[in-house]
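A.B. asks: Questions regarding the structure given below will be posed in turn.
None of the figures in this text is laboratory data; all of them are computed from the coordinates on show. These numbers were taken from a predicted model, which means no experiment stands behind them. Note that we place each Cβ from the backbone using ideal geometry, even for glycine, and neighbour counts take in every protein chain shown.
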Amino acid sequence: METAGEPVTIEIDVSLYSGADAPRVIEDLRREVASSLATHTELTVAEIRILVRDDDKDPEEEA
């Protein structure tokens, strides 16, 4: 159990297709999550961990 006010670690598991610009996508995701958490919660975020799994299919090509 967490104690109120203690720093938390956020873990996110995402899939990216093989042609994605992973460093850019990860940084954009981390920035947006941090911004949203700061706006909508009072959490003290110590770290945002992002685990990336590859997906061979480009979602634009499946349409």
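A.B. asks: Using the basic label-point model (7 angstrom from Cα toward the beta carbon), what is the residue 38 to residue 21 distance in nanometres?
C.D. replies: Calculated label separation equals 2.2 nm.
A.B. asks: Additional query: Could you give the length gained on full extension between residue 47 and residue 10, defined as 0.36 nm per residue of separation minus the Cα-Cα distance, in nm?
C.D. replies: Answer, rounded to one decimal: 12.7 nm.
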